[in-house]
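Below is one structure, written out as structure tokens; comments come after it.
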Amino acid sequence: MTEHVPTTCMRCAVGCGHVQRAVETGYGLDVVRGDAAHPVNQGLACQRGVSETADPDGEWLTRPLVRRDGELVPTTWETALERAAEGLGTALEGGSDRVAVLGSGQQTNEAAYALGKLARGGFGTRYYDANTTLCMASAVTAYYDAFGSDAPPPTYDDIPQAETHLVWGANPAAAHPVLFRWIRQSATEDDCELLVVDPIESETAEVADAHVAPDPGGDLELARAVLARLVETDRIDESFVADATTGFDTLRARLPDAESAAAAAGVSLDTVDRIAAALERDTLIYWGMGVNQSVDGTQTAAALIDLCLSTGNLGPGMGPFSLTGQANSMGTRVCSSKGTWPGHRPFDDPAHRAEVADEWGVPVETLPDDPGPGPVGILEAVEDEAVYAVATNPAVGMPDATRVRRRLEETFLVVQDAFHSETIEYADVVLPAATWGESEGTAMNMERTVSRVRAATETPPGVKTDLELIAELATRLAPGLLDRSPDPASIFDEFAGLTAGTLADCSGIDYDRLEDERAVRWPAPTREAVGGYRYYDDSATDGCEEAECENLESNGSERWSFPTPSGRANFSAGGGTGLPEPPDENYPLTLTTARQPDAYNTGVRTRDDGPPTARVSAGTAAALAAELEGPEDDRYGRITSRRASILARLEVDETIPDGVVWLPIHHPDVNDLTIPAVDPRSKEPNFKQCAVRLEAPTGSTAITLEEVTA
């Protein structure tokens, strides 16, 4: 009988341990279940993570392909790799920035590190992104501004200790089921509660103690209204603010009055008071793509951090906890050389660049001195050049996707993926890659915990791992940079060594330790060290008498140390830009996009055929009811933005406000509609709101603004 292999689920960023067993004969997995020995989930597992690992939908890629006479045809590995190297190499002859590289939060740490090493150290390109800019960059920027470092201060250990769970612009019931189980369990304890801020009554909001529904794009105004109300009612933790922070007086002077900010957010002052009262207790604030994917994403994430700082909600059981999107998005942030060098080394620091160049054995001038413009800027820049896309689907996953596809059509495109995606239709070379049940390496979850990813089944003969393929191209394009047949453990050791002494120190972690402990949270500078709540030292109260502890706790400044110039946490400067494309007479509705519980990213592995389902209120549907095709319970219409028009099945849903159209992010048509505006600081796209109109399928009749608001 085949053995059970412990591994890490790569379905979302919770980082659950799984146990997998291969089929007795042939290729594939027979058993997938939660790993009771894994310290993160202790045997818990969600059904979608289990089922998709064992038997994902989608068309598997099993042979390398090259384009001949306009068609993709099977070929040998040698031919495919040589053709890929030739096209990328020809582009590089014109300059390092003539090649763009797009990675993914679906790769192992080892593959992400190797891809960044090839992109930055081999190609020397600025045009590289590891996908984190599409989901986490706004939270990252806000964390750096506030604390001088990336990644949440809290961990999963803090969830049971919290009294208030405030979920803002996130739907963990759909996106992170195991994490949500912990949140909901804690919230049902005596004197605890769950509050949800979301324009839509999501699956998470359905079970909350209170649901706050601001207008789409009203999150920043609402957060500022809450802070203003805390100021107006003297509920600021002045002691914590004075001891551990800086910048509050400046922010306080710039706050709007609470009532006007509440009105701008589309909520009542009583609603603002409800949130303000909840923050008087030990609070964890969780947020996700509803906050990050906005032109005001950095400012809104910062405003949520401000709420924690102003109320003293920092420390065990409290704090700002951004919910990571893709499974290994945290890992790519730490190791992929996208926005920082490995270990969160500052990208523009000459000393750190020199140390990385020395470790990689490349001239320091090869390494770019800025991280580049983010994926929207990258794909606006590439034209008649070359793109290497790994485990990502930009043809439908980027905003204004029609324009992106035109760009990809004009480039020499190498696509490396496990499944047939829309991006492959534009590829010149296709490199079939292993998925997570076939790969060796590590992953890093949203609470900074590193654990092993192990192969439970053999890789088919027509497939190679991401790490192998990156090394094959490096051998041809940057000889000596990577071993042709790299050992994942050695790659991890190289990465971990580069993090020594950094804020994301993983140098005390190796495969042997992960074998013994299953999972280790950074910072872990020694073999014995394991990270806990960040920036906070509770050793001062260890073993002290009650009165002595109270005295120590009252002098809280000595318990906090932030890697900022002042050593204190920073309040934000406030302010924002508002919706980049508000509704008007021609486009009177607001489109918002979100996740579905059982769908995956751009839907390559989980998508049903047919047009997407658009959820609208009864009032919105009634405005065009006579013109829609089909019976009342199965009607179709066209959703049109300034960039595209798509057919959708309309579903009346009372959880959707009037004037809003809800579409799933997972359908390939949806991002044809969205706007490519980005946050000016983080470069993260504004996926969540754009102006649309709803038309009959023929396009002959459209809903007017008056009909929507009547």
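The values are calculated or read from the model by the stated rules, or taken from the named source; none is laboratory data. This structure is a prediction, so every number in the text was calculated from the model and none was measured. Cβ atoms come from the backbone with ideal geometry, glycine included; neighbour counts cover every protein chain shown. Only protein heavy atoms, including side chains, enter the accessible area calculation; ligands, DNA and RNA are left aside. Shrake-Rupley method; radii C 1.70, N 1.55, O 1.52, S 1.80 Å.
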Worksheet entry | Pair list, Cβ < 6 Å and 6+ apart or interchain, from the stretch 368-382 residues that are in contact (Cβ under 8 Å) with a residue 40 or more places away in the chain to residues that are among the hydrophobic types (A, V, I, L, M, F, W, C) and not in a helix (DSSP H, G or I) | PRO371/PHE347; VAL376/VAL678; ILE378/ALA100; VAL382/ALA100
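Every residue, every condition in (1) modelled with pLDDT of 85 or more; (2) out of contact with any Asp or Glu (no Cβ under 9 Å at 6 or more places or on another chain), yes or no:
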residue	(1), (2)
GLU581	yes, yes
THR613	yes, no
ALA626	no, yes
ASP633	no, no
THR640	yes, no
Practice prompt. Out of VAL453, VAL520, report the one residue that is open to solvent by less than 10 Å² (accessible area, probe 1.4 Å), farther than 27 Å from PRO346 by Cα and within 22 Å of the chain's Cα centre (by Cα).
Written response: VAL453
Fill in: Test for VAL40: is it touching a residue at least 60 places away in the same chain (Cβ under 8 Å), over 28 Å from LEU431 (Cβ atoms) and in contact with a strand residue (DSSP E or B) (Cβ under 6 Å, 6 or more places away or on another chain)
yes
Response to the item:
Apart from one, (1) closer than 18 Å to ASP215 by Cβ; (2) of a type outside the set (Gly, Ala, Ser); (3) at pLDDT 90 or above all hold for THR709; the odd one out is (3)
Worksheet item: Going by the conditions given, is ASP219 open to solvent by 50 Å² or more (accessible area, probe 1.4 Å) and either aliphatic (A, V, I, L, M) or touching a residue at least 40 places away in the same chain (Cβ under 8 Å) (or both)?
Response: no
Worksheet, complete the sentence: When the stretch 108-135 is checked residue by residue, the ones that are over 25 Å from ASP487 (Cβ atoms), of a type outside the set (Asp, Glu) and modelled with pLDDT of 95 or more are GLY124, THR125, ARG126, TYR127
Worksheet entry | Candidates PRO39, PRO74, filtered to the one that is farther than 29 Å from PRO394 by Cβ, open to solvent by 40 Å² or more (accessible area, probe 1.4 Å) and not aliphatic (A, V, I, L, M) | PRO39
Discussion item. Looking for something surrounded by 19 or more Cβ atoms within 10 Å (Cβ to Cβ) and touching a Phe, Trp or Tyr at 6+ places or on another chain (Cβ under 7 Å) - is there at least one such residue anywhere in the stretch 234-244?
Written reply: yes
Worksheet item: Would you pick out the residues in the stretch 580-592 that are over 19 Å from TYR636 (Cβ atoms) and open to solvent by less than 30 Å² (accessible area, probe 1.4 Å)?
Response: GLU581, PRO588, THR590, THR592
Item to complete: Kindly check whether there is at least one residue in the stretch 475-493 that is β-branched (Val, Ile, Thr) and either open to solvent by 40 Å² or more (accessible area, probe 1.4 Å) or without any contact (Cβ under 8 Å) to a residue 24 or more places away in the chain (or both).
Response: yes
Worksheet item: Restricted to the stretch 14-31, and to residues that are part of a strand (DSSP E or B) and open to solvent by less than 20 Å² (accessible area, probe 1.4 Å), which residue is farthest from TYR286 (Cα to Cα)?
Response: ALA22
Item to complete: Inspect all residues belonging to the stretch 4-13 and state whether any of them is crowded, with 21+ Cβ neighbours inside 10 Å, under 26 Å from the mean Cα position of the chain (by Cα) and without any contact (Cβ under 8 Å) to a residue 60 or more places away in the chain.
Response: no
Discussion item. If I ask for residues that are in a helix (DSSP H, G or I) and under 20 Å from GLU438 (Cβ atoms), which ones from the stretch 466-490 would you list?
Written reply: ASP466, LEU467, GLU468, LEU469, ILE470, ALA471, GLU472, LEU473, PRO488, ALA489, SER490
Worksheet entry | Residues of the stretch 673-699 that turn out to be in contact with a helix residue (DSSP H, G or I) (Cβ under 7 Å, 6 or more places away or on another chain) and either surrounded by fewer than 21 Cβ atoms within 10 Å (Cβ to Cβ) or free of Cβ contacts under 8 Å to residues at least 12 places away in the same chain (or both), as a count | 2
Worksheet item: For the stretch 197-211, does any single residue satisfy the condition of being of a type in the set (Val, Ile, Thr), over 23 Å from the mean Cα position of the chain (by Cα), at pLDDT 95 or above and closer than 19 Å to ALA277 by Cα?
Response: no
Fill in: Selection status of ALA162, modelled with pLDDT under 95 and in contact with an Asp or Glu (Cβ under 6 Å, 6 or more places away or on another chain)
no
Discussion item. What's the number of the only condition in (1) under 22 Å from the mean Cα position of the chain (by Cα); (2) part of a helix (DSSP H, G or I) that ASP493 fails to meet?
Written reply: (1)
Discussion item. Testing GLU383 on (1) in contact with an Asp or Glu (Cβ under 7 Å, 6 or more places away or on another chain); (2) part of a helix (DSSP H, G or I); (3) charged (D, E, K, R), one condition comes back false. Which one is that?
Written reply: (2)
Response to the item:
Within the stretch 49-67, the residues that are farther than 12 Å from HIS420 by Cα and under 28 Å from the mean Cα position of the chain (by Cα) are GLY49, VAL50, SER51, GLU52, THR53, ALA54, ASP55, PRO56
Worksheet item: Going through the stretch 385-409 one residue at a time, which ones are farther than 26 Å from LEU81 by Cα and surrounded by fewer than 23 Cβ atoms within 10 Å (Cβ to Cβ)?
Response: THR402, ARG403
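Please work out which residue is most open to solvent (accessible area, probe 1.4 Å), limiting yourself to the stretch 593-620 and to residues that are more than 30 Å from ALA13 (Cβ to Cβ) and in contact (Cβ under 8 Å) with a residue 60 or more places away in the chain.
Pass one, the stretch 593-620, residues more than 30 Å from ALA13 (Cβ to Cβ): 616-620.
Next cut, in contact (Cβ under 8 Å) with a residue 60 or more places away in the chain only: 616, 619-620.
On the way: VAL616: 1, GLY619: 36, THR620: 1 Å².
Filtering the stretch 593-620 for residues that are more than 30 Å from ALA13 (Cβ to Cβ) and in contact (Cβ under 8 Å) with a residue 60 or more places away in the chain, the one most open to solvent (accessible area, probe 1.4 Å) comes out as GLY619.
Keeping to the stretch 42-53, report how many residues are assigned to a helix (DSSP H, G or I) and surrounded by 17 or more Cβ atoms within 10 Å (Cβ to Cβ).
Of the residues in the stretch 42-53, 5 are assigned to a helix (DSSP H, G or I) and surrounded by 17 or more Cβ atoms within 10 Å (Cβ to Cβ).
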Worksheet item: Checking MET446 against (1) open to solvent by less than 10 Å² (accessible area, probe 1.4 Å); (2) of a type outside the set (Lys, Arg); (3) not in a loop (DSSP other than H, G, I, E, B), which single condition isn't satisfied?
Response: (3)
